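Heads up: the structure comes next, in structure tokens.
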Amino acid sequence: MDPFTLIAVATAAGFVFNKMSGSSVREERREFTYSRDLVARLKPDNRSEFDLAAIDVLKEYRLVKKLVDNQFPLVFITGGAGTGKSTFVRWAMKEFAGSVLLGAPTANAAITAGGKTLHSLFQLPTGWIVKSHIKKAPQKREFREAKLLIIDEVSMVTANLLDGISAFLRVNRGVNAPFGGLPVIMVGDMFQLPPVVTKDIVPLYKKIYGSPKFYNARCLQQATYYGVELTRTYRQSDQEFVDILTRLREGVDLKNSVAHLNSRCTITDRVGPGTVWLSPRNREVDFRNSEEMTRLSGTARSYRGLLSGQFSGDRLPAPTDLTVKVGAQIMFTRNDVNKRWINGSIGVVRRLLNDKIFIELAETGKIVDVGRVKWTDYHYFYNKKSNRIDRTRTGSYQQFPLVPAWASTIHKSQGKTIENVHLDLGAGSFETGQTYVALSRCRSLSGLTLSRPLTVADIIVDYESKQFYDGLRQIIKKLPPKKMMQTLAG
Ligand SMILES: Nc1ncnc2c1ncn2[C@@H]1O[C@H](COP(=O)(O)OP(=O)(O)OP(=O)(O)O)[C@@H](O)[C@H]1O
Ligand SMILES: [Mg+2]
């Protein structure tokens with residue numbers, strides 16, 4: 001079927017991004033213009049051992065594949081936690097073997113999806129992206145020959161990052177269209193965690209995009225897409241738990257839903273072995289990790305980080321006082337230049353020297369030596385005079401790129417399935433979808449313990465997204481997957 005007919009059908013049904021957004025961000029403007037260089041390793045490196053033969057190939061999966069086969073430019077796949085969004089990604093990676101760019105916004109999400117961070121895939125800096133950051137990649141052929149871009153955990157992708165990606169593909173595919181004309185599948189749940197945006201950048205988002213949400217990106221202005229919502233929950237099989245989670249996700253009947261959950265969970269301080277401790281804040285996670293460290297026998301060694309100037313954000317990329325012991329579980333906080341590990345890889349400390357730490361990588365069992373690395377931070381600001389975004393260097397930091405990793409923040413758990421979860425909200429949730437993400441990692445009520453009963457205030461629902469979903473559901477009703485499939489067949 002002619003892709004233009006399909007686009008016309010989807011547009012007529014109302015599948016157009018930014019329909020509801022404010023007029024100030026509506027102008028037809030290209031993302032940015034560009035400059036030179038750099039490399040990206042493109043072969044999707046899907047290490048998942050997930051058995052694809054055992055999955056249900058949903059009719060939505062087949063429809064999305066057909067749409068991409070027919071050159072349909074943009075598809076949004078959504079659904080609650082555990083409804084098979086990332087499973088679709090794995091299935092699609094096999095179906096479109098060898099021609100897919102797969103990325104996710106954070107290191108943890110990228111590892112979970114079996115892809116790369118969007119920043120490394122498209123050689124973009126962290127922080128605010130401006131036109132001079134868009135590089136010309138030497139292996140343009142690989143970008144030109146790619147058939148599809150898949151982005152998992154799109155709820156954590158900012159509008160600015162999406163514009164950076166679109167601009168990169170525009171320049172490296174040599175096609176003057178959003179994403180350089182590459183079809184894109186965006187996968188995620190807007191009721192889970194939103195993008196992480198540092199305080200100093202919030203005003204920039206307000207001014208330029210209205211809000212950080214991906215659907216405010218300029219490259220999506222008036223873009224036609226097709227959307228599917230997956231509704232069967234697979235991660236949890238217990239219908240009672242599924243019902244509670246579904247209600248918490250959208251804030252339905254919160255008082256009773258929270259009370260129901262509390263009545264079915266063990267409230268305890270005792271956390272058994274093999275349980276992952278989830279908390280909202282880094283300091284709560286740090287506290288738990290230091291307790292586990294204390295439990296290890298052996299001598300602790302401390303490594304001091306060297307800070308010059310200032311680092312923005314709520315923390316440094318590795319502790320200023322990194323205290324570790326042999327046997328400690330750690331996570332890497334930066335990619336290795338020699339590609340032996342990536343940001344987010346897990347390992348166990350095997351030997352501690354002055355300038356080197358030896359780590360056994362969990363994934364391969366290989367022992368690697370790690371040295372100190374240097375990070376640089378910048379401050380981004382809107383320069384009224386030149387009417388552009390400028391940056392100044394604010395500081396640098398040197399330390400081993402390691403943190404202890406028995407406990408995790410809820411942000412880092414997004415996308416994962418965890419058999420046993422202990423949820424300690426500490427000083428309380430501070431972000432929309434945060435408690436829902438933590439609870440929905442667990443497969444069963446019996447694998448879930450709470451440090452205290454939850455309250456209604458712990459469940460923060462994103463009402464901007466609720467509006468978005470209300471609209472989405474209405475247009476899906478007009479053009480449901482079955483009807484879209486018929487259109488394709490006709
Ligand atoms: N189509 C499917 N057939 C069989 N099992 C599935 C299917 N989809 C998901 N599952 C099961 O549910 C688990 C969670 O699925 P998946 O990670 O795809 O969910 P998700 O929608 O990406 O969740 P999240 O929003 O938390 O990222 C999988 O590990 C698998 O056990
Ligand atoms: Mg997922």
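Rule-based calculations on the coordinates, nothing more; no lab input. Because the structure is a prediction, the values reported are computed rather than measured. Positions of Cβ are generated from backbone atoms using ideal geometry, with glycine treated the same way; all protein chains shown enter the neighbour counts.
Observations on the model:
- DSSP beta bridges fully contained in the chain are about 55 percent antiparallel.
- Going from the residue with the fewest nearby Cβ atoms within 10 Å to the one with the most, K59, K135, K199 rank K199, K59, K135.
- Measuring r between the beta carbons of Q486 and I55 and using R0 = 25 Å, the FRET efficiency lands at 0.50.
- Remark: the S444-I346 segment gains 32.8 nm on full extension, using 0.36 nm per residue and subtracting the alpha carbon distance.
- Nitroxide proxy distance, nm - points 7 Å out along Cα→Cβ at A259 and T376: 5.9
- Segment T394-R283, extension gain: residue separation times 0.36 nm, minus the distance between their alpha carbons: 37.6 nm
- Virtual spin-label span in nm between R304 and V175, 7 Å along Cα→Cβ: 5.5
- Pairs of Cα atoms nearer than 8 Å and 6+ residues apart set the relative contact order; for the chain it is 18 percent.
- Fewest-first sequence of H260, H422, H411 by Cβ atoms within 10 Å of each Cβ: H260, H411, H422
- Spherically averaged projected area in nm², based on the convex hull that wraps the Cα atoms of the stretch 342-490: 17.7
- Between amide H atoms placed 1.01 Å from N, distances below 5 Å from Y234 occur with T83, G84, all of them 5 or more places distant or on a separate chain.
- Cross-link pairs beyond the 26 Å C-alpha cut-off, checked among K131/K213; K325/K366; K136/K199; K85/K412; K339/K412; K116/K385: K136/K199; K116/K385
- Mean separation of Cα contacts under 8 Å (6+ apart) over length of the stretch 253-382, as relative contact order %: 14
- Cβ-derived FRET efficiency at R0 25 Å, T266 paired with I460, nearest 0.05: 0.55
- Each of S155, S211 was scored by other Cβ atoms within 10 Å of its Cβ. Arranged with the fewest first, they read S211, S155.
- Ratio Rg/Rh [Cα only; Rh per Kirkwood] for the chain: 0.95
- Listed residues G127, I475, N256: farthest to the positive end of the dipole of the chain (Cβ charges): G127
- Residues in the stretch 407-443 that a label on V202 would reach, taking backbone N under 19 Å of a point 7 Å out along Cα→Cβ: 411, 427-435
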